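**Q** The structure under discussion is supplied below as structure tokens; questions concerning it will follow.
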Amino acid sequence: MARAVTKQRKIVNTAIAWGIGFLIFFPILWTILTSFKTEAQAIADPPIFLGFDWTLANYEAVLERSNYGRFLWNSIIIAGGSTVLGILIAVPAAWSMAFVPGKRTKDILLWMLSTKMLPAVGVLYPIYLLCIQFGVLDSKIALVIILMLINLPIIVWMLYTYFREIPGEILEAARMDGAGLREEVLYVLTPMAIPGIASTLLLNFILAWNEAFWTLNLTAAKAAPLTAFIASYSSPEGLFYAKLSAASTMAIAPILILGWFSQKQLVSGLTFGAVK
């Protein structure tokens, strides 16, 4: 029998959870608050938390200096394109590993995961030369392919884990009803794995959105995403913390909105399922 949880224990657990959540969110909160300060208030000692004169001057300066819309569009194309392309490749790969495993399936999975241990700087030079050779340096298509390949092991591993939870008998029944491989994957496997695919999409979109190493080294102007937009506010003259915080807030705002929307959709889906 499950042990009864006292009201006091629930309160303590809730307080601990909120405390941990606040600690995780505090750097983002501090960045947002700093974006509304003057440069003098941003570096004040001791730090000023709320008692300061709020200003939008930093956002005005950022928008005047940079074309935020172009950076945002590049980030959406690069993160979205690499994630969708990765899913299109990973779904068949994960399906074959989950339902038609071979002798070396586990070895291949471990090898794929081990590639994530390779320092990115170790392959920067050859990839940089390849981009020059193919004429795709400072292009969105190069970053889409590179980020897809970087995150592909994670996508395959996550989908493989979700697919393993689906009973193979369901797919066998679909085959007995005359479903081909295409119908089996599209109309049987994919609908059952939508929660797993959705969480994989969201995680890898965020990973691609936050990628800074490759975007800073392989772009200059045309394909520069929001990570390059933020880095442009670190200059030889020094760090302008208020403006840098404003740029960072504008860069993370779409992800915060996406996270909030995804959470609302998840809660609505769970509630609808419970009602049904």
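**Q** Give me the residue from region 151-177 that is closer than 16 Å to GLY81 by Cβ and in contact with a Ser or Thr (Cβ under 8 Å, 6 or more places away or on another chain) and, out of that set, surrounded by the most Cβ atoms within 10 Å (Cβ to Cβ).
**A** ILE155
**Q** Tell me, yes or no, whether region 43-64 has at least one residue that is touching a Leu at 6+ places or on another chain (Cβ under 9 Å), open to solvent by less than 70 Å² (accessible area, probe 1.4 Å), of a type in the set (Phe, Trp, Tyr) and more than 23 Å from TRP260 (Cβ to Cβ).
**A** Within region 43-64, one or more residues are touching a Leu at 6+ places or on another chain (Cβ under 9 Å), open to solvent by less than 70 Å² (accessible area, probe 1.4 Å), of a type in the set (Phe, Trp, Tyr) and more than 23 Å from TRP260 (Cβ to Cβ).
**Q** Need the failing condition index for LYS37 against (1) more than 19 Å from TYR233 (Cα to Cα); (2) touching a Phe, Trp or Tyr at 6+ places or on another chain (Cβ under 6 Å); (3) not β-branched (Val, Ile, Thr), just the number.
**A** (1)
**Q** Are there helices (runs of 4 or more DSSP H) fully within region 115-176 with at least 2 residues that are aromatic (Phe, Trp, Tyr) and under 24 Å from SER199 (Cα atoms)? List them. Spell out the reasoning first.
**A** Details: elements: 124-133, 140-164, 168-176.
Where helices (runs of 4 or more DSSP H) fall fully within region 115-176 and carry at least 2 residues being aromatic (Phe, Trp, Tyr) and under 24 Å from SER199 (Cα atoms), they are 140-164.
**Q** Scan region 58-72 residue by residue and report those that are under 17 Å from THR227 (Cβ atoms) and either within 16 Å of the chain's Cα centre (by Cα) or aliphatic (A, V, I, L, M) (or both).
**A** VAL62, LEU72
**Q** Would you check if MET148 is surrounded by 13 or more Cβ atoms within 10 Å (Cβ to Cβ) and in contact with a Leu (Cβ under 7 Å, 6 or more places away or on another chain)?
**A** yes
**Q** Evaluate region 65-85: report whether one residue or more is aliphatic (A, V, I, L, M), surrounded by fewer than 14 Cβ atoms within 10 Å (Cβ to Cβ) and at pLDDT 90 or above.
**A** Initially, region 65-85 is screened for residues aliphatic (A, V, I, L, M), giving 72, 76-79, 84-85.
Right, trim to surrounded by fewer than 14 Cβ atoms within 10 Å (Cβ to Cβ) and you get none.
The answer is no; no qualifying residue exists.
**Q** What single numbered condition from (1) in a helix (DSSP H, G or I); (2) at pLDDT 85 or above; (3) within 25 Å of MET148 (Cβ to Cβ) fails to hold for ILE257?
**A** ILE257 satisfies every listed condition except (2).
**Q** Determine if region 95-103 includes at least one residue that is touching a residue at least 60 places away in the same chain (Cβ under 8 Å), open to solvent by 90 Å² or more (accessible area, probe 1.4 Å) and in a helix (DSSP H, G or I).
**A** no
**Q** Testing LEU130 on (1) in contact (Cβ under 8 Å) with a residue 12 or more places away in the chain; (2) closer than 28 Å to ARG70 by Cα; (3) open to solvent by 50 Å² or more (accessible area, probe 1.4 Å), one condition comes back false. Which one is that?
**A** (1)
**Q** Could I ask something else about it? Could you give me the residue pairs with C-beta distances under 7 Å whose first residue belongs to region 17-32 and is in contact (Cβ under 8 Å) with a residue 40 or more places away in the chain, whose second residue is surrounded by 11 or more Cβ atoms within 10 Å (Cβ to Cβ) wherever it lies, and which are 6+ apart or on separate chains?
**A** Short answer, once both residue conditions are applied: ILE28/ILE252; THR31/SER245; THR31/SER248; THR31/THR249; ILE32/THR249.
**Q** Would you be able to tell me the number of residues in region 180-219 that are in contact with a Phe, Trp or Tyr (Cβ under 8 Å, 6 or more places away or on another chain), open to solvent by 20 Å² or more (accessible area, probe 1.4 Å) and not in a helix (DSSP H, G or I)?
**A** 0
The values are calculated or read from the model by the stated rules, or taken from the named source; none is laboratory data. Everything numeric here is computed off the predicted structure, so don't read it as measured data. All Cβ positions, glycine included, derive from the backbone under ideal geometry; neighbour counts span all protein chains shown. These area figures cover heavy atoms from the full protein model, side chains too; ligands, DNA and RNA do not enter into them. Shrake-Rupley method; radii C 1.70, N 1.55, O 1.52, S 1.80 Å.
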